[in-house]
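In what follows, a structure is listed as structure tokens, so that the remarks can point back to it.
Throughout, read-outs are computed from the coordinates displayed, never taken from laboratory work. Computed from a predicted structure; not experimentally measured. Note that we place each Cβ from the backbone using ideal geometry, even for glycine, and neighbour counts take in every protein chain shown.
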Amino acid sequence: MNLLIIGAPGAGKGTMSDLLINNFHLVHVSTGDMLRAAVKAGTPVGLKAQEYMNKGALVPDEVIHDIIVERLSQDDVNDGFLFDGYPRTLNQAEDLDAILKQIGKKIDRVINLDIEDEELIKRITGRRLCPTCGEIFNIYYKAPAKEGVCDKCGADLIQRKDDNLESLTVRLEEYHKNTQPVIEYYEAADIVSHINAKQGVNEVFEDIKAALEGLC
Ligand SMILES: [Zn+2]
């Protein structure tokens, strides 16, 4: 079973990816992780990627393409894989299909974690962290007993710099602009499952499992 998971920042993609990988024994194909690993191992693609990263530039599609080809040539992917964080654009989706076709594979299902921006805004801008013990609060869903103070250790809570409305709005706009064509591309192939990601973790995962019935 070969899957792809799509979700906006705050939709719970990391949690659902972990659950899928552990429950269905899938190989996790995360381009971010693969890039870091290739750079660390000093492979030819890794060295190329490093050049761009050193300049603070985005790693171009050709380099990511090479990394994916390299990863998909390993035997463990035959048992099934989960693409996470890729493809992010229509071009990348078309390229991935071409790569998979060459090795006689395909994406069986695309899981789209569906959730309104309003909810994501609450989840992310409401987040408060304890810098001392690491406890995470949310002023909308899991407020500390005393405003701005950690329930567990009494330290002052902080908000991560990127968790403000302005930068989140930019990230969400970018996300929708790039991802909508990707979703439509897979919808044309009739393989998208839209999952209501506003529910609790267990409910979301149950819905995903139901959507995958018959595939594994
Ligand atoms: Zn604390």
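When both bridge partners sit in the stretch 97-216, DSSP labels roughly 55% of those beta bridges antiparallel.
When all alpha carbon pairs of the stretch 108-216 are counted in 5 Å bins from zero, the resulting P(r) reads 2, 11, 16, 16, 16, 15, 11, 8, 5, 2, 0 %.
Expressed to the nearest 5 percent, the antiparallel share of DSSP beta bridges inside the chain is 25 percent.
Under a Cβ-Cβ cut-off of 15 Å, what is the net charge of the residues other than H65 that fall near it, where Lys and Arg count +1 and Asp and Glu count -1?
Within the 15 Å Cβ shell, the charges total -3.
Per the Debye formula on identical point scatterers at the alpha carbon atoms of the chain, with no solvent, log10 I(q)/I(0) at q = 0.08 Å⁻¹ is -0.34. Along the stretch 68-84 the Karplus relation, 6.51 cos²θ - 1.76 cosθ + 1.60 evaluated at θ = phi - 60°, assigns HN-Hα couplings of 5, 4, 4, 5, 6, 7, 7, 5, 4, 6, 5, 7, x, 9, 10, 7, 9 Hz to successive residues, with x for each Gly and Pro. For F81, the residues 5 or more places off, or on other chains, whose built amide H falls under 5 Å of its own are N2, L3, V27. Measuring between alpha carbons in the structure, the pairs from K40/K122; K142/K198; K40/K142 lying more than 27 angstrom apart are K40/K122; K40/K142. Computed on the stretch 67-130, the Cα convex hull volume stands at 147 Å³ per residue. Helix-only arithmetic for the chain: the sum of -39500 (n - 2.57) across DSSP H runs with n ≥ 4, divided by the residue total, places the mean residue ellipticity at 222 nm at -15000 deg cm²/dmol.
Residues in the stretch 183-195 carry Karplus couplings, in order, of 4, 5, 4, 6, 5, 4, 8, 6, 10, 9, 10, 8, 10 Hz; the curve used is 6.51 cos²θ - 1.76 cosθ + 1.60 with θ = phi - 60°, and Gly or Pro positions show x. Against the main long axis of the alpha-carbon atoms of the chain, helix 201-211 sits at an angle near 20°.
Using a cutoff of 8 angstrom between alpha carbon atoms and counting only pairs six or more residues apart, the relative contact order for the stretch 1-83 works out to 47 percent.
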